[in-house]
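**Q** One structure follows; several queries about it will come next.
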Amino acid sequence: MGAQQRVFKQKIRSTQSLRKIFKAMELIAASRIQKAIARSQAASPYANALTRAVSAVASESNVDHVLTSEPDHVTRAAVLVIGPDRGFAGAYSANLIRESEELVRLLKGEGKEVALFTVGGKAESYYTFRDRPIVQAWTGFSENPTAEDARAIGEALLKAFGEDAADGGVQEIYMVFTRFVSSVKHDPEYRRLLPLEVVDADEATTSAGSTGSADSGSQPLYEFEPSAEAVLDALLPRYIDSRILSALLSASASEQASRQAAMKTATDNADDLIKTYTRLANTARQAEITQELTEIVGGADALAASAAGD
């Protein structure tokens, strides 16, 4: 076998091995997408009910709570970047980092110092490589987040929000994540987490809106026991945890969808490479056969000419 054929055959074998890996990762990601979507949908009723409860307390009482009051002057803001732990997800990490960098530039343009919190190894490595200080980082659960993970993140953010800026505290908290729309559409975006904007169009249920429109003249009366302040103190941390968990689940589904699309593209590209290398190998083999035939014919002509001369 000629040298060119050996090179192409080796490339074909290596590409076939990579294709098997890409195809396996595609199938794994496809199976995990449905699970991530189901978890996100299962968490929606609790998040919606909690949203209505917090909205009722905030709108029907005149409580000036620290988590819902706008600060007079913001000097320091926290940014929670929710990214993946692993790669092989196409432009998923790059788009998320681009969105977070846009938010950081916006906040710094307003004269605010930015404190970074990260979820996922990719976001942590990005800022660590660039010597950007990270207040706290969480890794290892981007593909399968739990309520305990969201609670740990919420407690850390609430602790920073409760401290003074001079002591490392913040007056605002934003989170950057990838919102899952469908298997082919997932958009990175950022939202302000604190101070709370209780009425959120994305999380408000249509049933609540239809009830209000059906009987706009009458509003329910609420009584808070023991007090509106105590109810808010109990509800608001749970509300924050539910927002974080919703973002984690949405990011998990987006990561799996991005990985499936990226691995399918890689598999298709591997198929094209195999076809190309096979065609080149056949061409090289035909060229070698033609050369051998030419050499044989040339040798026979030389022998015949030599015999005729004798």
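**Q** Quick check: residue separation of Ala24 and Arg105 times 0.36 nm, minus the Cα distance between them. What number comes out in nm?
**A** Numbers: separation 81, 0.36 × 81 = 29.16 nm, distance 3.93 nm.
My answer for the length gained is 25.2 nm.
**Q** Would segment 89-158 count as rounded, prolate or oblate if I go by the C-alpha gyration tensor, calling it rounded below 1.5 in a/c and otherwise prolate when a/b exceeds b/c, oblate otherwise? Provide the component values of the computation, followed by the final result.
**A** Values: a/c = 1.87, a/b = 1.26, b/c = 1.48.
Note, shape of segment 89-158 comes out oblate.
**Q** So what does Lys9 come to for accessible area, using a 1.4 Å probe and Å² rounded to 10?
**A** Rounded to the nearest 10, the figure is 80 Å².
**Q** Oh, and also: As a test, work out the antiparallel percent of DSSP beta bridges whose residues both lie in the chain, rounded to the nearest 5. Working shown, then result.
**A** Values: 9 of 25 bridges.
Approximately 35 percent, going by the DSSP bridge assignments.
**Q** Could you work out the mean projected area of the convex hull around the alpha carbons of segment 1-67, in square nanometres to one decimal? Spell out each step's value before the answer.
**A** Details: hull surface 34.3 nm².
The number I arrive at for segment 1-67 is 8.6 nm².
**Q** What is the Cα centroid distance between segment 247-310 and segment 8-48, reported in whole angstrom?
**A** Going from one Cα centre to the other spans 29 Å.
**Q** Okay, moving on. Quick check: pseudo-label points 7 Å beyond the Cα along Cα→Cβ at Thr276 and Glu225, how many nm apart are they?
**A** If labels sit at Thr276 and Glu225, their model points lie 7.4 nm apart.
**Q** Let me ask something additional. For Leu193, list long-range residues whose amide hydrogen, built 1.01 Å from N in the peptide plane, is under 5 Å from its own amide hydrogen.
**A** Ile173, Tyr174, Met175
**Q** Listed highest first by mean packing, meaning other Cβ atoms within 10 Å per residue, what order do 10-16, 243-249 come in?
**A** Ranked by mean Cβ neighbours within 10 Å, highest first: 243-249, 10-16.
**Q** Compute the accessible area per residue over the chain, keeping the other protein chains in place, probe 1.4 Å, unit Å². Can you show the working numbers first?
**A** On the way: 17120 Å² over 310 residues.
I get 55 Å² per residue for this part.
**Q** Ok, one more. Given a 1.4 Å probe and heavy atoms of the protein chains only, how would you sort Arg6, Arg151, largest accessible area at the top? Please list the in-between numbers first.
**A** On the way: Arg6 130, Arg151 105 Å².
Most to least solvent-accessible, the answer reads Arg6, Arg151.
**Q** Per the 1.4 Å probe, what fraction of the accessible area of the chain, in percent, lies on carbon and sulfur atoms?
**A** Here carbon and sulfur together make up 54 percent of the probe-accessible area.
**Q** Turning to a different aspect of this structure: Just to be sure I understand: with springs between alpha-carbon atoms less than 10 Å apart, which residue in Gln286, Gln136, Gln34 has the highest mean-square fluctuation in the Gaussian network model of the chain?
**A** Gln286
**Q** Taking one equal scatterer on every alpha-carbon of the chain, how large is log10 of I(q)/I(0) by Debye at q = 0.07, 0.08, 0.15 1/Å?
**A** Each listed q corresponds, in turn, to -0.43, -0.51, -1.19.
The values are calculated or read from the model by the stated rules, or taken from the named source; none is laboratory data. Here the structure is a predicted model, which means the values were calculated and not measured. Counting neighbours? That spans all protein chains shown, and the Cβs are built from the backbone with ideal geometry, glycine included. Accessible surface areas use protein heavy atoms only, side chains included; no ligands, DNA or RNA. Shrake-Rupley method; radii C 1.70, N 1.55, O 1.52, S 1.80 Å.
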